[in-house]
Amino acid sequence: GEWRSKWNIFFVLNRRQRCFVRLVVIARCKSIDESPVMSSLIESRFHLPCELDALRSPSIGYFIAAAIQCYCSVFTPSQLFSYQLTESCLHLALLCSYDTTIVEDNVVKPQQTKMQFKTDRKVGKTGVMLIGLGGNNGCTCVAGAIANKLSLTWETKEGTKTSNYWGSLLLSSTVKLGNDRQGNSIYTPMSNMLPLLNPNDIVWGGWDINSLNLGDAMKRSKVLDYDLQTKLYPYMKDIVPLPSIYFPDFIAANQGERANNVLSGTKQEQMEKIRQDIRDFKAKNALDQVILLWTANTERFSAVEEGVNDTAENILRSIEMGEAEVSASTVFAVASILEGCTFINGSPQNTFVPGVIELARQKKVFIAGDDFKSGQTKMKSVMVDFLVSAGIKPVSIVSYNHLGNNDGKNLSAPSQFRSKEISKSNVVDDMVASNRILFEEDEHPDHIVVIKYCPYVADSKRAMDEYTSEIFMGGKNTIVMHNTCEDSLLATPLIYDLVILGELCARVTVKRDNESEWESFHPVLSLLSYMLKAPLVPDGAPVVNALFSQRCAIVNFMRACLGLAPDNHMTLEHRFESTLAAMKGGENGHSTKKRRLA
């Protein structure tokens, strides 16, 4: 392409390190006017985010070529000097076009914004502190990371199983990079796109209202296979949760029997103890950053009251005064924000009252929530999107669940169930609002959610859904679905994804064309919505629940960081005689399924 006329590029793969490949780029750069006086020699080096074994994948070659081509095509010589890839320079800065369409007074106007995305390639040493460390999700999360780090295998009645991160969007899914010259799609693991935090490298810690060590908590949860538990127990038994905050008014009374590891003192004193725990954890493990994530019991909703939790100043004063409507999760969130640590809420309660959001904006600290989207609701965000997009009108959605873990026990209390009901019910709103042919302005499907506690089924939650829709000429269509969800094994990969994507967002800044200042993401990280039932978004931003749209946002964000255009599904190369003939001409006798279909 055009970049080749301005840059002479040489690639050298140099095995100077055992685990990583060093790519050396030597570029003879010329000024725009081709003046030889301005010619200079640049030598740049950077580490690829892949291990040597990964080079067997052809997608790595495409990643290298795309990255270098983007560098050489979008920067003038002076710009390349500013962002040259030396070992001391840790940033990847690339230009992309952000195309949107503005509709005003029935006039449609395409709009293009030139933006630069700068990504810090260095992933700092990261610690994750879980609130609810000894619960089913908490101990399964730590156990899974240890098992993968040690590459454990174990025996089951179906045979030998191997540790994996299946269920993680970022670690176990692929994305389309583009097409080869024959029009075949080329895919790469999403984790190859950018340097990402590896759960194997995370330092885990946290709090729980129960003092049981994680080895015994793992046995109590009955989530993992027995043979795997036996192999993990020596690594888990010495991990003991820190004492946590326990406000009985906010969780079910039946949780009192587990509460033997709780802090005492005023709310202010307990918050200061949490802050000290964070500082001690960070110092003890020599961490660059700490992320907090709430995976503890669902709380009842807090009343949002003027003068109590409506502003940053008021929420801080309310904690100091011990106001009754300040929940434990809110105290943790405030402590995290004051310590400059990202806070993620994996439960449905309104942890992020207006005062907490304002505090996060003031301190420029990331927050994200609410409620893990793992089983029934994830399916619902796909099914309703399909129905509405197909011009089919869902008029009744009835969802029933029963589960037997401690989450189910806590949700058997009406106030805590109400928090969950709200987060589950709102998941269809944006999809319904997208189609005014089917739905009037204030029209919604009947939507019922039922959750029951059944101890025998333990962590193996049963979810049953009935979707009734109106179809052509007054007809009716009913879809009934049964879903057996191993609750914690679906939720745990979401914890990894939330932490990984949250950490990545902290390393990315953006600058618009003709602007001098780099800008970070809004403190409310709505990009994490794919993993959450009730996504928290910045004030004035729309809530998006449709799963496909949420995934596209993450993929195209990562493509933008590499200077690649957003992915699309037009596949025009397969729709015209001229392009199909050109692709056939380049086949050289090799055949693929796609080419045969052509």
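The values are calculated or read from the model by the stated rules, or taken from the named source; none is laboratory data. Bear in mind that the values here come from a model prediction, so they are computed numbers and not experimental data. Here Cβ is always computed from backbone atoms with ideal geometry, including for glycine, and neighbour counts include all displayed protein chains. Accessible surface is based on the protein model in full, side chains and every heavy atom, while ligands, DNA and RNA are left aside. Shrake-Rupley method; radii C 1.70, N 1.55, O 1.52, S 1.80 Å.
Things worth noting here:
- For the stretch 417-530: lysine pairs under 27 Å (alpha-carbon distance), excluding those fewer than 8 apart on one chain: 6
- Accessible surface, the stretch 376-454, averaged per residue in Å² (probe 1.4 Å): 43 Å²
- Using alpha carbons only: equivalent-ellipsoid semi-axes of the stretch 381-517, gyration tensor based, whole Å: 30, 28, 13
- Among the protein heavy atoms, those of MET431 account for about 10 Å² of accessible surface (1.4 Å probe, every chain in place).
- Computed E for TYR226/GLN268 - FRET, C-beta separation, R0 51 angstrom, nearest 0.05: 0.70
- Set the Cα radius of gyration of the stretch 97-172 against 2.2 N^0.38 Å, with N its number of residues, and you get 1.97.
- R0 of 30 Å, Cβ-Cβ distance SER520-ALA286: FRET efficiency to nearest 0.05: 0.75
- Here is the P(r) of the stretch 302-388: all C-alpha pair distances, binned every 10 Å from 0, give 17, 43, 21, 15, 3, 0 in whole percents.
- With all protein chains in place and ligands, DNA and RNA left out, the 1.4 Å accessible area ranks CYS505, CYS552 as CYS552, CYS505, largest first.
- Accessible surface of the stretch 305-442 [probe 1.4 Å, protein heavy atoms]: carbon and sulfur percent: 50 percent
- Cα lying deepest toward the dipole's positive end in the stretch 479-586, options GLN550, PRO538, VAL508, charges on Cβ: GLN550
- Computed P(r) (all Cα pairs; the stretch 133-281; 5 Å bins; percent): 2, 8, 14, 16, 15, 12, 12, 9, 6, 4, 2, 1, 1, 0
- Whole-Å semi-axes of the ellipsoid equivalent to the stretch 317-359 (Cα gyration tensor, √5λ, descending): 16, 13, 9
- Cα-only Debye scattering, the stretch 389-468: base-10 log of I(q)/I(0) at q = 0.16, 0.22 Å⁻¹: -0.67, -0.97
- Length available on full extension from SER415 to HIS444: 0.36 nm per residue minus the Cα-Cα distance, which gives 8.0 nm.
- D_trans [Stokes-Einstein, Kirkwood Rh over alpha-carbon pairs] for the stretch 217-259, 37 °C, 0.692 mPa s, µm² s⁻¹: 258 µm²/s
- Cα centroid separation - the stretch 219-268 against the stretch 533-567, whole Å: 34 Å
- In order along the stretch 555-564, phi translates into HN-Hα couplings of 4, 6, 4, 5, 5, 4, 5, 9, x, 9 Hz, rounded to whole numbers, per the Karplus curve 6.51 cos²θ - 1.76 cosθ + 1.60 with θ = phi - 60° and x for Gly and Pro.
- Potential lengthening between ILE102 and ARG436 on full extension [0.36 nm per residue; Cα-Cα distance subtracted]: 118.3 nm
- Rounded if a/c under 1.5, otherwise prolate or oblate - the stretch 93-136, Cα gyration tensor axes: oblate
- When the alpha-carbon atoms of the stretch 234-303 are used, the pair Rg, Dmax equals 14.3, 44 angstrom.
- Tail fraction, Cα-Cα pairs, the stretch 335-462, threshold 17 Å, whole percent: 66 percent
- For the stretch 272-327, fraction of C-alpha pairs farther apart than 15 Å, in %: 63 percent
- Extension gain for the segment HIS482 to LYS149, taken as residue separation times 0.36 nm less the Cα-Cα distance, is 116.4 nm to one decimal.
- Accessible area of ILE245 in the full protein assembly, 1.4 Å probe (Å², nearest 10): 10 Å²
- Taking all protein chains together and rolling a 1.4 Å probe, HIS482 ends up with roughly 110 Å² accessible.
- The stretch 481-554 - convex hull of the alpha-carbon atoms, volume per residue in Å³: 115 Å³
- Label-to-label distance, nm, for residues given as LYS237 and ALA303 (7 Å Cα→Cβ offset): 4.9 nm
- With 10 Å bins beginning at zero, the pair-distance distribution over Cα atoms of the stretch 448-598 amounts to 8, 20, 23, 23, 20, 5, 0 %.
- The residues TRP518, TRP294, TRP166, sorted by heavy-atom accessible surface at 1.4 Å with ligands and nucleic acids left out, run TRP166, TRP518, TRP294 from largest to smallest.
- Note on the stretch 132-211 and the stretch 333-389: Cα centroid distance 21 Å, given to the nearest whole angstrom.
- Stokes-Einstein D for the stretch 206-364, Kirkwood Rh over Cα pairs, 25 °C, 0.890 mPa s (µm²/s): 147 µm²/s
- With N counted as the residues of the stretch 184-235, its alpha-carbon radius of gyration over 2.2 N^0.38 Å works out to 1.74.
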